[in-house]
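Here is the structure we will look at.
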Amino acid sequence: MIIRSRNIVRIVLGSALLLSLPLVAMLFTDEMAWGPGDFVLAGVLLVGTGLLYELAAGSTNTTAYRVAVGVALATGVILVWANLAVGLIGSEDNPANLMYVGVLAVGLVGALLARLEPRGMARASFATAIAQALVPVVAIILWQPPMTSGLVRVLGVNAFFCALWVGSALLFRRASARLEIQPAA
């Protein structure tokens, strides 16, 4: 599928609008301190996600599939953003946070193997949820953090992401069921 230039312009303008928020915030507070590299990285992340959405969801007329793609991509973006900003396990410098690259790799490889077909995408999203759930377990085993409220936060944040991956999987499953009951043309 080819992305229309009109959609590319919308994606770029929408990304620029979102990136203007931290730029304006930097004018009013010292708490927000982004450098040029932060803006470039965020821009690539936002534009890339928009283009991936157009590629994956643009060729279908199934609402459940489009929403599922949106949920999966938004989950991935939020996961990357949060991990880069503050880290999900400890600080952003904790090597345990690198395991989230594996979570995203499971989703990407699964999507490629599924060839973006709804039933395979459901399996890929379920597998990604399982990978997400395994990250804090492996982190606890390898790094043995003290039992504090930080552990509860890590488990809660990962449960949130797992729920998003499962939600995406259920939407893909729904899209698959809808495609199966439609009469052949």
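Computed quantities for the displayed model
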{"quantity": "Subset of the stretch 30-45 (residues that are assigned to a helix (DSSP H, G or I) and either more than 30 Å from residue 122 (Cα to Cα) or open to solvent by 30 Å² or more (accessible area, probe 1.4 Å) (or both))", "calculated": "36, 37, 38, 39, 40, 41, 44, 45"}
{"quantity": "Within the stretch 47-77, considering residues that are in a helix (DSSP H, G or I), in contact with a Leu (Cβ under 7 Å, 6 or more places away or on another chain) and in contact (Cβ under 8 Å) with a residue 60 or more places away in the chain, the one farthest from residue 167 (Cα to Cα)", "calculated": "56"}
{"quantity": "Residue identified as open to solvent by 50 Å² or more (accessible area, probe 1.4 Å), touching a residue at least 24 places away in the same chain (Cβ under 8 Å) and farther than 21 Å from residue 127 by Cα among 21, 84, 27", "calculated": "84"}
{"quantity": "Hits in the stretch 49-79 - residues which are more than 21 Å from residue 127 (Cβ to Cβ), of a type in the set (Gly, Ala, Ser) and in contact with a helix residue (DSSP H, G or I) (Cβ under 9 Å, 6 or more places away or on another chain)", "calculated": "50, 58"}
{"quantity": "Index of the failed condition, residue 175 passing every other in (1) in contact with a Pro (Cβ under 8 Å, 6 or more places away or on another chain); (2) open to solvent by 20 Å² or more (accessible area, probe 1.4 Å)", "calculated": "(2)"}
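The values are calculated or read from the model by the stated rules, or taken from the named source; none is laboratory data. As the structure is a computational prediction, the values presented were derived from the model and not from experiment. Note that we place each Cβ from the backbone using ideal geometry, even for glycine, and neighbour counts take in every protein chain shown. Only protein heavy atoms, including side chains, enter the accessible area calculation; ligands, DNA and RNA are left aside. Shrake-Rupley method; radii C 1.70, N 1.55, O 1.52, S 1.80 Å.
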